[in-house]
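The values are calculated or read from the model by the stated rules, or taken from the named source; none is laboratory data. Since the model is a prediction, treat every value here as computed from it, not as a measurement. Positions of Cβ are backbone-derived with ideal geometry, glycine not excepted, and every protein chain shown enters the neighbour counts.
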C-alpha cells in the first residue's frame with residue numbers, strides 16, 4: 001500500500017530512491033497485531049523529525065497497517081516514509097509530500113530455533129562511519145549493512161558484528177549487541193553510529209526487573225572477549241544468545257535466559273503489543 | 001525509461017529504495033550529446049564493481065540514453081543502477097537483476113553566470129563519516145549531503161563545504177573542491193569519504209597543460225584560509241570560482257581562469273563529449 005492506495009510501485013523521482021532520504025520500521029506481527037507499535041511509531045517519528053520530514057499521522061499509519069495485515073496471523077510489517085518527490089538536487093525543500101509505503105513480508109525462517117540453540121557470529125571487516133546526525137535512527141542509507149552482510153554466505157553464521165573506525169563495537173548488521181560480565185549488562189553507546197533498536201530499549205527496561213545494572217558505553221573487542229554472556233536483539237528475532245564469535249565460544253547463560261523469559265512474559269501480555 | 005521500457009515507476013521492493021543499494025551518474029547533455037560519457041560509464045562500472053552489482057552493458061546504456069535524450073539539445077541525463085529486487089534482508093544475493101533507470105532533467109538555472117561572477121560558499125556543520133569501502137563512488141546513500149544542503153536556504157550561497165570528523169576538507173555538497181596556493185593545485189584526498197567527480201579528474205589532467213603541480217592530500221581549514229584561489233567543479237557546473245567562503249573573500253584568479261579556458265577548449269572538441 002502506497003499513500004493509502006493499493007499499489008506496489010513508487011516514482012523513480014522519489015527521494016527515498018534518489019538519496020535514501022527517508023526512514024523505515026520492520027515490525028513483527030503476531031496474533032494479527034503489530035508488536036510494540038507505539039515504540040516503532042515513536043522511532044519513526046523521531047527519525048522523520050531528525051531528517052526534517054513531516055511526520056505521517058500515527059492514526060493513519062495504524063489504519064493503513066491494519067488493512068495490510070488484515071487476516072494475517074504472523075508476518076513482518078514494513079513501513080517506509082520518504083521525503084517524497086521534489087525538484088532536483090540534495091536540498092530538502094518544504095514542499096514535498098512524504099511517501100508512505102506499507103508492506104507485509106513473510107516471517108523469517110530461522111528466528112525461532114535460535115532462541116534455544118544460540119547463534120554463531122563473525123566479526124565484519126566493514127566498519128561503520130561516524131555520523132552523529134544520523135546515529136540511532138533507522139534511515140534508508142544502509143550500504144554499510146549491505147556490504148557487511150555480503151561478507152559471508154555460510155548459513156551457519158547468523159550475524160556479523162560491526163566496529164566503528166575507532167575499533168569500538170557498535171552492533172550487528174541487523175541487530176543490537178549486549179554483553180554481560182559479572183552480572184552487569186552492557187551495550188554500546190550509539191551516539192555516533194548505529195541503530196537504536198526497539199528491542200534494545202525493551203531489554204534495557206527488562207534489565208531493571210532481573211535486576212541487573214546496565215552500562216551504555218564504549219565497548220571494544222577486549223570487552224567482547226571478556227564477556228560471560230553475549231546476546232543479540234531485534235524486533236523480529238527477540239533475544240538470540242550468542243554461542244560463538246569467531247573462535248571464541250560462549251554459553252547461553254542464566255541471565256540471558258532470564259531476559260528471554262521476561263520478554264516472553266511481556267509478549268504474552270496482549271496490551272504490550274500496542275505499546 | 002526503466003529497464004529499457006518507457007516507465008517512471010519502480011517496485012517498492014527495489015533495494016535502491018530499501019537500502020540505497022545502487023549508484024548513479026548525472027551527465028551533462030550539450031548539443032544533444034552526453035558529455036564525458038566514457039568517464040561517467042567507467043565510474044558507474046567502478047561503483048557497481050565495488051558494491052558487487054553486475055554492470056549493465058555500456059552499449060545498452062548508451063542506446064537507452066540516446067532514446068531518452070532524443071531531440072533534446074541541453075539537459076541533464078541521470079542514470080541510476082540499483083541491485084534490483086531480492087528477498088528481504090541486507091544480504092546482497094547473486095540472483096538479483098539490476099534495475100536501470102534513465103531520466104532526463106532540465107539544465108539547472110544558474111550554472112552559467114557563476115563561471116564569471118564566482119560563487120559564495122559556506123562551511124557546513126554536517127560532517128562526512130569515514131567509509132573507505134564507499135569512498136569515491138557515487139552511491140545512493142546521500143543523507144549526509146541532504147542534511148548538509150538543508151543547512152541553508154539563502155539563494156546567494158551556492159554551495160557548502162563539508163569536513164570529515166577529523167576536520168579535513170572533503171568536498172562540497174554537490175561538487176569537488178580545489179585550492180591554489182603559490183601556483184600549486186591542491187584537492188582533498190578522497191580515500192576515506194567523498195565522491196571522485198568526473199570534472200575533478202578532468203581538471204587534474206588539465207593542470208598538466210597549464211602547467212601546474214598537483215597535490216592530492218589532506219587539506220584543512222588553514223589550507224583553505226591560506227589559498228590564493230579556490231574553485232569548485234562538477235559535471236554540470238564545470239568550474240565555479242569561489243569568491244567567498246564565509247567571511248573570507250577570494251578573487252577569481254588567473255590560474256582558475258586558465259583552467260576554465262582549457263576546459264572550454266576541451267568542450268569545443270566534439271570528440272571529447274564521448275570520452
Looking for whichever is free of Cβ contacts under 8 Å to residues at least 40 places away in the same chain and either away from chain B (no Cβ under 14 Å) or in contact with a helix residue (DSSP H, G or I) (Cβ under 7 Å, 6 or more places away or on another chain) (or both) here; the options are A:201, A:187, A:233. Which one fits?
A:187
Do you know which residues across the range A:205-228 are closer than 13 Å to residue A:260 by Cα and over 21 Å from the mean Cα position of the chain (by Cα)?
A:209, A:210
If we scan the range A:150-158, do we find a residue that is over 26 Å from residue A:115 (Cβ atoms), within 13 Å of another protein chain (Cβ to nearest Cβ), modelled with pLDDT of 95 or more and touching a strand residue (DSSP E or B) at 6+ places or on another chain (Cβ under 7 Å)?
no
Inter-residue pairs, beta-carbon under 6 Å, first within 7 Å of chain B (Cβ to nearest Cβ) and in the range A:3-20, second part of a strand (DSSP E or B) and loosely packed, with under 15 Cβ neighbours inside 10 Å, 6+ apart
none
Taking the range B:98-109, which residues are out of contact with any helix residue (DSSP H, G or I) (no Cβ under 9 Å at 6 or more places or on another chain) and either touching a residue at least 24 places away in the same chain (Cβ under 8 Å) or under 17 Å from residue B:140 (Cα atoms) (or both)?
B:105, B:106, B:107, B:108
Could you check the range B:114-125 and list, in sequence order, the residues that are crowded, with 22+ Cβ neighbours inside 10 Å and within 12 Å of another protein chain (Cβ to nearest Cβ)?
B:124
Is it the case that residue A:86 is farther than 28 Å from residue A:37 by Cβ, surrounded by fewer than 22 Cβ atoms within 10 Å (Cβ to Cβ) and modelled with pLDDT under 95?
yes
Filter the helices (runs of 4 or more DSSP H) completely within the range A:183-275 down to those with at least 3 residues that are more than 30 Å from residue A:37 (Cβ to Cβ).
A:221-226
Unmet criterion (only one of (1) surrounded by fewer than 21 Cβ atoms within 10 Å (Cβ to Cβ); (2) away from chain B (no Cβ under 12 Å)) for residue A:180
(1)
Which is crowded, with 21+ Cβ neighbours inside 10 Å and within 12 Å of chain A (Cβ to nearest Cβ), of B:27, B:80?
B:80
The condition of being under 19 Å from the mean Cα position of the chain (by Cα) and either closer than 29 Å to residue A:129 by Cβ or surrounded by fewer than 22 Cβ atoms within 10 Å (Cβ to Cβ) (or both) holds, among A:171, A:246, A:261, only for A:171
